[in-house]
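See structure below.
FYI, it's all coordinate maths here, none of it is from the lab. None of the values given here were measured: they were computed from a predicted structure. We place every Cβ from the backbone using ideal geometry, glycine too, and count neighbours over all the protein chains shown.
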Amino acid sequence: MAISTVITGLSSDQATENQAMWQGLKRAIAKSSGFQCWQQEQTESVEMPCGELDQQVRHYLKETLATLAY
């Protein structure tokens with residue numbers, strides 16, 4: 001789901017705050033050892049090409065949540 005979809009209907013202040021929060025979370029996740037190990041595995045297995053950090057973090061979170069839910 002795109003950030004723009006999530007923030008539809010919010011005031012511009014709320015949307016800006018949400019966008020800033022996502023940017024901070026994305027940077028924190030990207031610096032985590034878990035993400036870095038996952039990213040290395042993805043690069044080695046050629047499952048996911050090096051792409052935009054936003055997409056990589058989203059994919060990492062989806063996989064992590066799916067694993068936790070299992």
- Message: Need the full-extension length gain, ALA30 to TYR70, defined as separation in residues times 0.36 nm minus the C-alpha distance. One decimal, nm.
- Response: 12.0 nm
- Given a Förster radius of 35 Å and the C-beta distance between THR16 and GLU41 as r, what FRET efficiency does 1/(1 + (r/R0)^6) yield to the nearest 0.05? 0.50
- How much net charge surrounds ILE29 when only the other residues with a Cβ under 12 Å from the Cβ of ILE29 are counted, with Lys and Arg +1 and Asp and Glu -1? +3
- Message: Quick one: 3J(HN,Hα) in Hz for segment 19-35, Karplus 6.51/-1.76/1.60 with θ = phi - 60°, rounded, Gly and Pro as x.
- Response: 5, 5, 5, 4, 4, x, 5, 4, 5, 5, 5, 4, 7, 6, 5, x, 5
